[in-house]
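Everything below concerns the one structure shown next.
Where a number appears in this text, it was derived from the coordinates with a stated rule and is not lab data. All figures in this text were calculated on a predicted structure; none of them were measured in a lab. With ideal geometry, Cβ positions are generated from the backbone for all residues, glycine too; neighbour counts draw on all protein chains shown.
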Amino acid sequence: METWVWVVVIAAVAVVAVIAWLLSQKARSRGLQQEFGSEYERTMARAGDRRAAEADLLERRDRVSALDVRPLSQADHDRFASEWTKVQAEFVDAPSEAVSDADELIQQVMATRGYPVEDFDRRAADVSVEHPDVVENYRSAHSIAVKEAREDTDGDTEALRKAMVYYRSLFDELLVVGDGEDRRS
């Protein structure tokens with residue numbers, strides 16, 4: 001075969017390889033967008049570029065898959081459900097304390113399920129892997145709770161109410177028992 005034929009064949013193989021690589025990158029991006037939902041866009045905005053954002057999301061997914069995240073036992077489920085009822089009732093007379101207690105209860109549920117809970121940003125990132133639809137609610141609720149704790153006032157009752165609703169959305173997702181079923185009453 002002549003040299004120019006080899007050049008054309010090698011060039012064609014290189015073009016096919018580049019196209020295949022680009023298509024695989026696009027498929028990976030689309031898969032991450034579907035998996036992480038709005039968290040994908042949030043991470044893109046924070047990271048500044050697609051490659052860094054996707055690397056962050058993949059690292060989160062790998063980190064969480066290495067954890068021993070497990071469903072709750074029926075006894076833990078019932079105990080946490082009862083605690084949540086108390087926290088909600090507390091909101092009427094002491095909304096700030098109820099929000100703080102809800103934040104703490106979420107951490108307890110997460111710890112019992114096997115999530116690391118030492119650092120809020122890490123907790124939120126870990127939650128985003130399995131619960132991407134409610135992680136922004138969790139961030140908002142936590143932000144309200146932190147602001148309320150810093151200001152040490154009676155606070156904005158409407159903001160505190162929203163925080164409780166946001167915490168509840170995550171609480172509901174975390175409250176599953178060993179067979180994967182939620183047994184809320």
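Here is how the numbers come out for the structure above:
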| read-out | value |
| --- | --- |
| Cα long-axis angle, helix 74-93 against the chain (0 to 90 degrees, to the nearest 10) | 60 degrees |
| Residue with peak Gaussian network fluctuation, the chain [Cα springs, cutoff 10 Å], from Ala94, Ala11, Ala45 | Ala11 |
| Extended-chain gain in nm, criterion 0.36 nm per residue less alpha-carbon gap, Leu23 and Glu97 | 21.5 nm |
| Relative contact order computed over the chain (Cα-Cα under 8 Å; 6+ residues apart), in percent | 25 percent |
| Residue-span extension gain [Arg70 to Glu118] - 0.36 nm each, minus C-alpha spacing | 15.5 nm |
| Under-5 Å amide H pairs with Leu72, H placed in peptide plane, nonlocal only | Val176, Val177, Gly178 |
| Isotropic mean projected area of the C-alpha convex hull, the range 93-140 (nm²) | 3.6 nm² |
| Selected from Ala163, Ala149, Ala14 as most flexible by GNM, with the chain as the system and alpha-carbon contacts under 10 Å | Ala14 |
| Gln33 paired with Trp6, simple spin-label distance in nm, labels 7 Å along Cα-to-beta-carbon | 4.3 nm |
| Computed over the range 83-152: relative contact order in percent, which uses C-alpha pairs under 8 Å that are six or more apart | 26 percent |
| Proportion of all alpha-carbon pairs of the range 74-174 beyond 23 Å (%) | 21 percent |
| Whole-Å semi-axes of the ellipsoid equivalent to the chain (Cα gyration tensor, √5λ, descending) | 46, 19, 11 |
| Rounded to 10°, Cα long-axis angle of helix 38-47 versus longest principal axis of the chain | 70 degrees |
| For peptides 19-30, 118-129, 69-80, sequence by mean Cβ density within 10 Å, most packed first | 118-129, 69-80, 19-30 |
| Förster-model FRET efficiency, 41 Å R0, Asp62 and Ala89, C-beta, rounded to 0.05 | 0.50 |
| Alpha-carbon Debye profile of the range 3-66, log10 I(q)/I(0) at 0.12, 0.19, 0.20, 0.25 Å⁻¹ | -0.44, -0.73, -0.78, -1.02 |
| Choice from Glu41, Glu130, Glu158 with maximal GNM fluctuation in the chain (Cα, 10 Å cutoff) | Glu158 |
| Stretch gain in nm, segment Asp49-Arg161, where the contour uses 0.36 nm per residue and the Cα spacing is subtracted | 36.8 nm |
